[in-house]
Amino acid sequence: MARKRRELAERPVMAPRPRPEPRDFAGALLRRPAVRPVTVIAEVKRKSPSGGAFPHADVVAVARAYEAAGASAISVLTDGPDFGGALEDLVAVRAAVSIPVLRKDFLVAAREVEESALWGADAILLIADALEDGELREMLATAQQVKVAALVEAHTEAHAERALAAGARLVGINNRDLATLKTDVGTALRVMPKLRSRAHVLVAESGLKSVTELRAARDAGADAVLVGESLLRDAEPGRALRRLLSEEGGSP
């Protein structure tokens with residue numbers, strides 16, 4: 001986050017540019033086919049601190065395969081140093097698919113919310129654990145002004161409560177502790193039932209690899225799950241997603 005704040009201070013303000021018509025991110029996550037346990041936000045990235053490098057450099061091809069396999073939205077990592085991404089990936093992926101696209105990055109200021117909209121993001125990720133209450137409120141207000149959905153991620157119940165208090169309507173519970181990078185798929189299962197009546201959309205994130213885990217997330221209150229590494233490890237990420245979404249399927 002400190003690196004991100006330095007980068008922002010050094011980067012010039014983005015000039016206005018035509019923005020594509022926003023796609024309904026929340027609506028896409030809530031339109032669950034009856035045959036599926038939850039909807040899926042499928043993630044594209046070239047590497048990660050926890051998973052290393054992935055064997056799929058063409059994020060556009062992977063995004064298209066995800067859409068064909070039944071993804072409801074695509075998450076695009078735009079951080080360069082740790083994830084091998086760029087804002088140009090966001091633009092390219094959004095042009096290649098018809099479903100909503102989430103910009104996933106370590107955003108630290110309202111200005112970046114505005115820039116995300118100009119780059120074509122239908123939604124952004126905000127990390128409650130890494131933002132002060134005032135920052136989170138300002139960024140949520142800006143997202144509403146520029147018509148970008150804001151998925152506010154938390155790792156603990158306390159941070160999820162902060163997100164709701166700041167005005168978040170879409171809340172993600174990350175099973176991965178960002179401080180240790182350890183993953184416990186039970187985290188979302190423990191936290192989500194306490195939020196169900198107050199959040200418009202609940203998303204379980206990280207570590208989910210099987211239909212059984214997707215069903216457990218649904219039963220705990222999840223409307224959607226965000227899945228990345230388990231798909232990107234497969235030689236064919238689209239095939240892995242199709243198998244994951246199948247009621248008959250198992251681990252990819």
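The values are calculated or read from the model by the stated rules, or taken from the named source; none is laboratory data. Just so you know, these numbers come straight off a predicted model, no measurement behind them. All Cβ positions, glycine included, derive from the backbone under ideal geometry; neighbour counts span all protein chains shown. Just so you know, the surface numbers come from the protein's heavy atoms only, side chains and all, with ligands and any DNA or RNA stripped out. Shrake-Rupley method; radii C 1.70, N 1.55, O 1.52, S 1.80 Å.
From the residues in segment 142-155 that are within 24 Å of Val227 (Cβ to Cβ) and in contact (Cβ under 8 Å) with a residue 40 or more places away in the chain, which one is surrounded by the most Cβ atoms within 10 Å (Cβ to Cβ)? So, considering only residues that are within 24 Å of Val227 (Cβ to Cβ) and in contact (Cβ under 8 Å) with a residue 40 or more places away in the chain, the one surrounded by the most Cβ atoms within 10 Å (Cβ to Cβ) is Leu151. Pairs are defined by a Cβ separation below 7 Å, a sequence spacing of at least 6 or placement on different chains, a first member in segment 156-182 that is within 19 Å of Ala220 (Cβ to Cβ), and a second member that is among the hydroxyl-bearing types (Ser, Thr, Tyr) and not in a loop (DSSP other than H, G, I, E, B); the pairs so defined are Ile173/Thr187; Asn175/Thr183; Asn175/Thr187; Arg176/Thr183. For segment 11-27, the condition holds for at least one residue, the condition being that it is of a type in the set (A, V, I, L, M) and closer than 30 Å to Ala217 by Cβ. If you go through segment 121-128 one residue at a time, do you hit one that is out of contact with any Lys or Arg (no Cβ under 9 Å at 6 or more places or on another chain) and either closer than 21 Å to Gly51 by Cα or outside any strand (DSSP E or B) (or both)? For segment 121-128, residues out of contact with any Lys or Arg (no Cβ under 9 Å at 6 or more places or on another chain) and either closer than 21 Å to Gly51 by Cα or outside any strand (DSSP E or B) (or both): present. Just one residue in the set Leu170, Leu214, Leu202, Leu136 is closer than 19 Å to Pro22 by Cβ and among the hydrophobic types (A, V, I, L, M, F, W, C); that residue is Leu170. Within segment 12-55, being farther than 19 Å from Leu208 by Cβ, outside any loop (DSSP other than H, G, I, E, B), open to solvent by 50 Å² or more (accessible area, probe 1.4 Å) and modelled with pLDDT of 90 or more holds for one residue alone: Lys47.
Of all the criteria given as (1) within 17 Å of Leu136 (Cβ to Cβ); (2) modelled with pLDDT under 95, the one not satisfied by Ala160 is (2). Among the residues of segment 193-233, the one identified as buried (at least 18 other Cβ atoms within 10 Å of the Cβ) and free of Cβ contacts under 8 Å to residues at least 24 places away in the same chain is Ser230. Only residues that are surrounded by 24 or more Cβ atoms within 10 Å (Cβ to Cβ) and either out of contact with any Pro (no Cβ under 8 Å at 6 or more places or on another chain) or part of a loop (DSSP other than H, G, I, E, B) (or both) were counted across segment 56-77, and they come to 7.
Can you work out which of the residues in segment 171-189 that are over 16 Å from Asp129 (Cβ atoms) and touching a strand residue (DSSP E or B) at 6+ places or on another chain (Cβ under 9 Å) is surrounded by the most Cβ atoms within 10 Å (Cβ to Cβ)? By that ranking, first place goes to Leu189.
Of the residues examined, Asp82 is one that is part of a loop (DSSP other than H, G, I, E, B) and either open to solvent by 30 Å² or more (accessible area, probe 1.4 Å) or in contact (Cβ under 8 Å) with a residue 12 or more places away in the chain (or both). Being surrounded by fewer than 23 Cβ atoms within 10 Å (Cβ to Cβ), of a type outside the set (Asp, Glu) and either touching a His at 6+ places or on another chain (Cβ under 9 Å) or over 23 Å from Gly238 (Cβ atoms) (or both) is a condition met by no residue of segment 88-103. Listed by position, the helices (runs of 4 or more DSSP H) contained in segment 206-246 that have at least 3 residues being under 20 Å from Lys104 (Cβ atoms) and in contact with a helix residue (DSSP H, G or I) (Cβ under 7 Å, 6 or more places away or on another chain) are 237-245.
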